[in-house]
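Worksheet for the structure shown next.
The values are calculated or read from the model by the stated rules, or taken from the named source; none is laboratory data. A quick note: this is a predicted structure, and the numbers were derived from the prediction, not measured. No Cβ is skipped: glycine too gets one built from the backbone with ideal geometry, and neighbour counts run over all protein chains shown.
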């Protein structure tokens, strides 16, 4: 009998297991993959995510593997430029974009070193219920015979196609349709740094330096363009760079060498799912997913993994009833993520509403306010520094925005 079985060993599952194991709990982690292995993903780790890796003594492994340090960000949204970097926090003066083969393996290794048992190539096919409560899982390792494994709590960290979520009947809520899709790949021969640029035709490009002297290049377009993309991904990928930043499209043709196939991601809708029930909980994309536009998926997975591990420890140690602890986790998760969820869903439309056109336009006029905004994006500066009534007043006053051009209502 385990204290906790975690289904899924990537960005949400391994940290949850690691933190519980460090507190002395008996934890089993199951994943259908073997590690190191890749998965579709953006790679950008905000400072908030890096602070967690640092707290967990895992950041050095990412840096020592040669992951490039990025100390300048180039954001633009329909002509509004935000170029700079957030203030360092606790020594984190750069961001990193590791390949998932490196990041996930580092997390799995961290879980093992903490004392969690990790079983790879294990597919969970069902849950075990007794008296309406989840008490374990059924599945098989390497397509072998079915096994039953039991625990006091089962955690689903198995992505947006979560078997755990499906079997417990977790309900989606606050759903907001996704309008876009992503194509990305890896290139040699480019020295661009980090770019995050949205054009006027609701198209976006992103570039991230990553491991092995490669740069990850990505494009986001409206789903109405998906058919033509599928017919000729190379042509449409280059055309998107041409449309957003023509000079980058030209340089891409002249110097870029694609070294891996294109990888498509048709984004699922944005959603929250019921986060807990009798004997179970969800974390990461299994319980909460938003458009990858703001790059907050992995950071939220880390934050919520720690949040869940803390509540599970309270329940397992008898500090409070387990069901009460998990209900508190669900409430805290929703409250903590609400602002990022709203911000992401708004900007992922690839068109600026009046409020953000006014505020971002003013922010882009000042290095001070640009760095503050980049700190908000990184999760190291509270949004109220700019987006409270007092913050907006200071922003508009200091950047000289005429009264008639000021917008204070985010719903405008």
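Select from the range 226-265 the residues that are touching a helix residue (DSSP H, G or I) at 6+ places or on another chain (Cβ under 7 Å) and more than 19 Å from residue 193 (Cα to Cα) and list them in ascending order. Show your work before the answer.
Filtering the range 226-265 down to residues touching a helix residue (DSSP H, G or I) at 6+ places or on another chain (Cβ under 7 Å) leaves 228-229, 236, 238, 241-242, 248-249, 252-253, 262.
Listed by number, the residues that qualify are 228, 229, 236, 262.
If we scan the range 74-86, do we find a residue that is crowded, with 23+ Cβ neighbours inside 10 Å and either touching a strand residue (DSSP E or B) at 6+ places or on another chain (Cβ under 6 Å) or closer than 30 Å to residue 149 by Cβ (or both)? Please lay out each step first, then the result.
The initial filter retains those residues of the range 74-86 that are crowded, with 23+ Cβ neighbours inside 10 Å, namely 86.
From what's left, either touching a strand residue (DSSP E or B) at 6+ places or on another chain (Cβ under 6 Å) or closer than 30 Å to residue 149 by Cβ (or both): none.
Scanning the range 74-86 turns up no residue that is crowded, with 23+ Cβ neighbours inside 10 Å and either touching a strand residue (DSSP E or B) at 6+ places or on another chain (Cβ under 6 Å) or closer than 30 Å to residue 149 by Cβ (or both).
Looking only at the range 158-183, count every residue that is without any contact (Cβ under 8 Å) to a residue 60 or more places away in the chain and within 21 Å of the chain's Cα centre (by Cα) and tell me the total.
Final tally of qualifying residues: 1.
Where in the range 172-242 are there strands (runs of 3 or more DSSP E), lying wholly inside it, with at least 1 residues that are surrounded by fewer than 19 Cβ atoms within 10 Å (Cβ to Cβ)? Before the answer, list the steps.
Details: elements: 172-176, 180-188, 194-198, 204-210, 214-222.
Filter on the range 172-242 gives 172-176, 180-188, 214-222.
Restricting to the range 258-283, count the residues that are modelled with pLDDT of 95 or more, under 23 Å from residue 210 (Cα atoms) and not in a strand (DSSP E or B).
The number of residues fulfilling the criteria is 4.
Considering each of 24, 8, 13 in turn, give the residue that is under 14 Å from residue 116 (Cβ atoms) and under 15 Å from the mean Cα position of the chain (by Cα). Before you say what the answer is, go through the steps one by one.
On the way: 24 fails: under 15 Å from the mean Cα position of the chain (by Cα); 8 fails: under 15 Å from the mean Cα position of the chain (by Cα).
Only one candidate qualifies: 13.
Which of the following residues is crowded, with 17+ Cβ neighbours inside 10 Å and more than 26 Å from residue 294 (Cβ to Cβ): 51, 45, 58, 20?
Numbers: 51 fails: more than 26 Å from residue 294 (Cβ to Cβ); 45 fails: more than 26 Å from residue 294 (Cβ to Cβ); 58 fails: more than 26 Å from residue 294 (Cβ to Cβ).
After ruling out the rest, the residue left standing is 20.
Name the residue, out of 167, 138, that is in the same structural domain as residue 334 (by TED's automatic domain parsing), assigned to a helix (DSSP H, G or I) and at negative phi.
167
For the range 113-131, which residues satisfy the criterion of being within 15 Å of residue 7 (Cα to Cα) and either assigned to a strand (DSSP E or B) or without any contact (Cβ under 8 Å) to a residue 12 or more places away in the chain (or both)?
At the first step, the residues of the range 113-131 found to be within 15 Å of residue 7 (Cα to Cα) are 116-128.
Result: 117, 118, 119, 122, 123, 124, 125, 126, 127, 128.
Scanning for something at pLDDT 95 or above, in a helix (DSSP H, G or I) and farther than 19 Å from residue 157 by Cβ, does the range 344-352 turn up at least one residue? If you could, list the steps in order and put the result at the bottom.
Pass one, the range 344-352, residues at pLDDT 95 or above: none.
No; the residues of the range 344-352 include none that is at pLDDT 95 or above, in a helix (DSSP H, G or I) and farther than 19 Å from residue 157 by Cβ.
Looking at 155, 134, which is the one that is over 30 Å from residue 42 (Cα atoms), touching a strand residue (DSSP E or B) at 6+ places or on another chain (Cβ under 9 Å) and touching a residue at least 60 places away in the same chain (Cβ under 8 Å)? Can you show your working first?
Values: 155 fails: over 30 Å from residue 42 (Cα atoms).
On inspection, the qualifying residue turns out to be 134.
Answer yes if at least one residue in the range 47-64 is assigned to a loop (DSSP other than H, G, I, E, B) and in contact (Cβ under 8 Å) with a residue 60 or more places away in the chain, and no otherwise. Can you show your working first?
Step one: filter the range 47-64 for residues assigned to a loop (DSSP other than H, G, I, E, B), giving 56-58.
Right, trim to in contact (Cβ under 8 Å) with a residue 60 or more places away in the chain and you get none.
So far as the range 47-64 goes, no, none of its residues is assigned to a loop (DSSP other than H, G, I, E, B) and in contact (Cβ under 8 Å) with a residue 60 or more places away in the chain.
Within the range 73-101, how many residues are at pLDDT 95 or above and within 13 Å of residue 44 (Cα to Cα)?
Matching residues across the range 73-101 total 7.
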